[in-house]
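Structure, as structure tokens:
The values are calculated or read from the model by the stated rules, or taken from the named source; none is laboratory data. Quick caveat, the model's predicted, so the values are computed rather than measured. Neighbour counts run over all protein chains shown; Cβ positions are idealised from the backbone, glycine included. Protein only, heavy atoms only, side chains kept; ligands, DNA and RNA dropped before computing areas. Shrake-Rupley method; radii C 1.70, N 1.55, O 1.52, S 1.80 Å.
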Amino acid sequence: MENVVQTGGCLCGAVRFEVTGEGSNPHSCSCRNCQQHTGAPTVAWMEFARDQVRWTGSAGAPATYRSSEYSSRAFCAACGSSIGAIDNAPTVALLVGSFDDPARAAFAPDYHAFDDVRPLWWHFDPAAAVPGPGGAGK
């Protein structure tokens with residue numbers, strides 16, 4: 001499936017992207033950086049090699065904010081939508097919610113990062129994300 005193309009972008013459409021090929025490391029995260037970057041207590045991520053990602057919108061690449069020694073948070077400068085993170089390593093981690101089809105089975109998290117700081121009411125169950133008959137989750 002290396003030629004599969006997935007698309008996504010921000011709320012206003014100024015930042016758009018295409019990724020070619022399958023991503024890796026699907027996970028959810030509740031770290032404080034993710035929470036503050038998105039305004040959500042938990043977010044879902046999918047990682048891609050930098051050369052798999054092409055910025056196609058009128059704004060080009062997203063704006064970034066250096067959030068740690070190893071990563072910058074990516075967002076749309078026009079509407080403020082969170083897009084993902086661009087790491088020092090040749091990795092672009094995109095927020096699953098920024099994809100045009102965020103319900104793809106491949107986006108189901110394999111694990112939850114920073115489980116020790118997740119909200120107590122958030123329960124991560126990887127088995128619940130496994131598609132059942134007709135593609136619905138269990």
Averaged per residue, the 1.4 Å probe accessible area of the chain, protein heavy atoms only, in Å², is roughly 55
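Leaving out ligands, DNA and RNA, and with a 1.4 Å probe, what % of the accessible surface on the chain is carbon or sulfur? Could the numbers behind the result be given before it?
Numbers: 4110 of 7550 Å².
It is 54 percent, rounded to a whole number.
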Chymotrypsin sites (Phe, Trp or Tyr not before Pro), loop per DSSP, at most 14 other Cβ atoms within 10 Å - longest free stretch of the chain: 1-69
State whether the stretch 1-87 is rounded, prolate or oblate according to the following rule on the C-alpha gyration tensor (a ≥ b ≥ c being the square roots of its eigenvalues): a/c under 1.5 gives rounded; otherwise a/b larger than b/c gives prolate, and the remaining case gives oblate. oblate
Expressed in angstrom and rounded, the centroid-to-centroid distance over alpha carbons for the stretch 3-39 and the stretch 85-101 is 4
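Percent relative contact order of the chain, based on C-alpha pairs within less than 8 angstrom and at least six residues apart?
26
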MRE, 222 nm, helices only [DSSP H, n ≥ 4, -39500 (n - 2.57), over the chain, to nearest 500]: -1500 deg cm²/dmol
